[in-house]
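A.B. asks: Attaching a single structure in structure tokens format; questions to follow.
The values are calculated or read from the model by the stated rules, or taken from the named source; none is laboratory data. As the structure is a computational prediction, the values presented were derived from the model and not from experiment. Using ideal geometry, Cβ is built from the backbone for each residue, glycine included, and neighbour counts are taken over all protein chains shown.
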Amino acid sequence: MIRHETSLFSRLALRVTLILSFGAALMISAAWYYGRSAANQTFDHLLLGAALQMAGSLSIEDGKLTASLPQSAFEMLGLAPEDRIFYRLIDTEGQTLTGYGDLAGYIDYTAARQKPVFLNDEYRGTPVRLVVVSRVLSDPPLSGWAYVLVAQTTAARSELTQEITGRAMLLVALMSALALAATILAVRYSLQPITALGEMISRRDPQDLTPLTLNAPKELRPFLGSINHFMERLDQRVVLLQRFIADAAHQIRTPLTALSAQIDMLDEREVSPAGLQSVERIRTRTNELSRLTGQLLSHAMVIHRASTVNLEKVDLVLIARQAYRTAIPITVNPDIVVSFEADQPQLWVAGDVVSLREAIVNLISNALCHGSVALLAVRVGVAEGRAQVEITDDGPGIPPEKWPLVVKRFMTTKASEGSTGLGFSIAVEVATAHGGEIGFREKLPDRCFSVLLTIPLWQEERD
Amino acid sequence: MRMAVLPDGGSLLYGRGMRILLVEDTRDVGEAIRRRLETTGHVIDWETDGQAAADILDFTDYDLVILDVMLPGLDGFGILKRIRASRKTMPVLILTARSEVEDRVGALDLGADDYLVKPFDFRELEARVRVLLRRRGGDATNVIACGDLILDRQSRSVRVGNREIQLKRREITILEILASRPGRMFSKADLMDQLYGFDETVNSNAIELYVSRLRKKIEGARVRIITHRGIGYQMVPDDTA
């Protein structure tokens, strides 16, 4: 049992999709990262501005540090309306001057002496962004470092990050879809030669074992080469097989001739009446066997000739007349009216004399062995622009429903019907090799059954 | 050799007591052919070696040579070539078991008068031998025409218009007799003499059977065979009837 292999197309599509998804995930992560830093930058500026303004508002009055928080600082932060603001001012002593005393109580403010420090923190269960700025106070009674801490919840930042990321995602998705579509098209396009090759092979006549001629792309050439090589070997095998059949049939002939000689020598006067019946049956069967052996040989021969002999300009009337004389034994039943008629003295067709004669001989013998009661007529003429040999007999004929079966190549009808099938098989092979066909004319109450061999006429302007 | 004189002076040979050379190396086949032909009254010389047969043929004439193709010594085609090279016209019948039909065509090209492919029906062989012997004997080369009916006495073929009709030996003989003198009356006894010779006793009903078959086979021709009860038969072209 052959394991089901996924198609090349789905293999490629799956891999490309995986790579595209991975790339898209990377790009979306990057977009999110950049979005967040952009949002942070924007809002950090505002936060720093507000903190610096607060730090600037620190003043010493009466030897005490006071802060008059400017309205503008809060307005600046009001640009993020949904966020809450927490602040804490720390005096030189490290005591909270004003604001939320528990805001970031644990951090080391001294790091902010060089430059403002930003950090992410959490205040009262909400993530916040925190900035610490410092201010040096150098009034004699109150000298030292004061600090301003301003924290802001991150709703606006997240919103901005999401907005930036969302747009980037849309772009990435669009690009990925385009890439996927392009891949599918490209894959389909590059798989086309394979499909073409497949169709070419499946459309082929099973008899045709000549190499495939197809302009295949470089990648397919080894494959095509293997197929052609295989067909070549198959062809050789078929040829060997045909030769074997021909040889075997030929070797059967000699003992068969001897057998019929022995039957002929039986002195019928010395045989009992019952034995006489047996002798007659043996004679009939031997003749049948002879006919079959001959047909096997000619079948192998016409197939061989079909592939090796070129069609020449030949006279179908002459061929049919010779076939007629060969096929009708002198000892034919005298009650059968046997006749041959040609509509014109000569009829030129493109053909192989030997094969055509063999086909016509077999059609006539078929009619004689299985059809004729009192009539057998062979007629050569032109029908609808093609040459036609018509063999008519007054026998039961072949019913129309069996016609397609009879003209199938390598088809023999039931064994009980004798050698009809093989004879037709020969005729069909020859007709096919000549670009023609075997047809029939139905038996009607006022018309006899006919078999028709039709092939094209000789075209004088052939090259 | 028995001979019957035709109304127009031609002659028919009945092909008995002829000398036939048979060259066949398969014992059963050779024996059967010899026995069959001897019962019909011919003298058979049977050779199994091709070279020996060719040597005999160099200084002996036969009425017919039956040649197998595959022979020890010299093959059938070789013998045939030698016969024709020495300008002998004796009829040659080739027996071949070779598979290729070209062989049969080749045999005819080499000058064989007829061929049979093995295995063959021995009754058919006997019939062909009879035809070949008669063809040799019958010197009549003329063509008899009566109405649109044409009888070629050389090739023993009969045509009605365009249509060639296959006739049996005795049917042709009767037709030949009737058509050679259109309008003349032939009695049953006349015909019987021509068919069987003078000393054979045949059922006279046979003539009626042959004439009725003949009539059926030339149906559509512009001649008719008219029966005059108690007198005989007469062939009449339609345009003068």
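A.B. asks: Answer yes if at least one residue in region A:314-324 is more than 26 Å from A:Glu442 (Cα to Cα), in contact with a strand residue (DSSP E or B) (Cβ under 7 Å, 6 or more places away or on another chain), more than 11 Å from chain B (Cβ to nearest Cβ) and surrounded by fewer than 21 Cβ atoms within 10 Å (Cβ to Cβ), and no otherwise.
C.D. replies: Yes - at least one qualifying residue is present in region A:314-324.
A.B. asks: Conditions first: (1) modelled with pLDDT under 85; (2) surrounded by fewer than 13 Cβ atoms within 10 Å (Cβ to Cβ). A:Leu266 passes all but one, so which condition is the exception?
C.D. replies: (2)
A.B. asks: Further, regarding this structure: Examine region A:384-397 for a residue that is within 13 Å of chain B (Cβ to nearest Cβ) and more than 48 Å from the chain's Cα centre (by Cα), and state whether such a residue exists.
C.D. replies: Yes; the residues of region A:384-397 include at least one that is within 13 Å of chain B (Cβ to nearest Cβ) and more than 48 Å from the chain's Cα centre (by Cα).
A.B. asks: Got a number for residues in region A:366-383 being more than 45 Å from the chain's Cα centre (by Cα) and surrounded by fewer than 22 Cβ atoms within 10 Å (Cβ to Cβ)?
C.D. replies: Total meeting the criteria: 10.
A.B. asks: Mind listing just one residue for me: the one in region A:331-364 that is small (Gly, Ala, Ser) and more than 12 Å from every other protein chain (Cβ to nearest Cβ) and, of those, nearest to A:Pro456 (Cα to Cα)? Step through it out loud before you land on a result.
C.D. replies: Step one: filter region A:331-364 for residues small (Gly, Ala, Ser), giving A:339, A:342, A:350-351, A:355, A:359.
This time we only want the ones that are more than 12 Å from every other protein chain (Cβ to nearest Cβ), so: A:350-351.
Working: A:Ala350: 7, A:Gly351: 9 Å.
Among residues in region A:331-364 that are small (Gly, Ala, Ser) and more than 12 Å from every other protein chain (Cβ to nearest Cβ), the one nearest to A:Pro456 (Cα to Cα) is A:Ala350.
A.B. asks: State yes or no: is A:Glu5 exposed (fewer than 14 other Cβ atoms within 10 Å of the Cβ), touching a strand residue (DSSP E or B) at 6+ places or on another chain (Cβ under 9 Å), part of a loop (DSSP other than H, G, I, E, B) and not β-branched (Val, Ile, Thr)?
C.D. replies: So A:Glu5 does not fit the description; no.
A.B. asks: Give the residue that is modelled with the lowest pLDDT, with candidates limited to residues of region B:83-112 that are exposed (fewer than 15 other Cβ atoms within 10 Å of the Cβ) and within 13 Å of another protein chain (Cβ to nearest Cβ).
C.D. replies: Among residues in region B:83-112 that are exposed (fewer than 15 other Cβ atoms within 10 Å of the Cβ) and within 13 Å of another protein chain (Cβ to nearest Cβ), the one modelled with the lowest pLDDT is B:Glu102.
A.B. asks: May I ask you to verify whether A:Thr286 is among the hydroxyl-bearing types (Ser, Thr, Tyr), surrounded by fewer than 21 Cβ atoms within 10 Å (Cβ to Cβ) and within 12 Å of another protein chain (Cβ to nearest Cβ)?
C.D. replies: In short, yes.
A.B. asks: Find the strands (runs of 3 or more DSSP E) located wholly in region A:293-356 whose residues include 1 or more that are over 51 Å from the mean Cα position of the chain (by Cα), and list them.
C.D. replies: On the way: elements: A:312-315, A:337-342, A:348-351.
Correct list: A:337-342.
A.B. asks: Assuming A:Leu209 fulfils every condition listed in (1) closer than 22 Å to B:Ala32 by Cβ; (2) more than 10 Å from every other protein chain (Cβ to nearest Cβ) apart from one, which condition is it?
C.D. replies: Single failed check for A:Leu209: (1).
A.B. asks: Quick test for you: out of A:Leu209, A:Leu185, A:Leu240, pick the one residue that is loosely packed, with under 11 Cβ neighbours inside 10 Å and farther than 30 Å from A:Leu14 by Cα.
C.D. replies: Residue meeting the stated conditions: A:Leu240.
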